[in-house]
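Novice: Below are the structure tokens for one structure; questions will follow.
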Amino acid sequence: MPDASPVPNRRTALVLAGAGLLLAACGPATNAFEAVADEGDLPPHPAPAPAEGVKVMFLPFAGGAVTALDEVYRKIREVARRQGGPSIVQRLDEPATYRVRGVITAVGSNALTTFVFRIDVHDASGRRVHRFSGQEIGPAAQGDPWGALDKATTEHLALRIIDELRAWLNRPRV
């Protein structure tokens, strides 16, 4: 007979933990995840002329292993090119319509790894104009949860981030 106790199983506990991290990412800056990326507005940056179209600059991601975060950034550039935008500038001195600053954290277990992201979009004046967040489930971690960031999970993270950004950029404006 199955156990009818109210204690959640391991998968439920992991999903609830991931949801808690996601909710924490949306609240006031009370933890290390928030403190890293919620440093306020950015200093002004020159915007391109309107005829040049929207250009986006991704600032370095925070929250985890630099090599893993660099791989996510490279995959974001690849996905943006493959899907036809947005146009991503790579040099810090290039004009950009928006600058994107994000945090990606990894929480692992012997069953799976959850990668939680929060992305802030800033306009040329440095003011945050949009924020979105989400999570991706990856394979089980053996020690450091960043070791579970495989090619498939990196692709999914990049697709989610670009899709969310494109949806916001293409939203109807009133």
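Novice: Among 168, 146, rank each residue by its count of other Cβ atoms within 10 Å, from fewest to most, as a rough exposure measure.
Specialist: 168, 146
Novice: Collect residues whose amide H, placed 1.01 Å from N in the peptide plane, falls under 5 Å from the amide H of residue 58; neighbours closer than 5 in sequence don't count.
Specialist: Placed amide hydrogens put 89, 100 under 5 Å from residue 58.
Novice: Now a separate question. With r as the distance between the Cβ atoms of residue 67 and residue 159 and R0 = 22 Å, compute the FRET efficiency 1/(1 + (r/R0)^6) and round to 0.05.
Specialist: 0.60
Novice: Quick one: 71, 136, fewest Cβ neighbours within 10 Å first, how do they rank?
Specialist: 71, 136
All of the numbers you see were taken from the coordinates with simple rules; none came from a lab. A quick note: this is a predicted structure, and the numbers were derived from the prediction, not measured. Because the Cβ atoms are built from the backbone with ideal geometry, glycine has one as well, and the counts that use them run over all protein chains shown.
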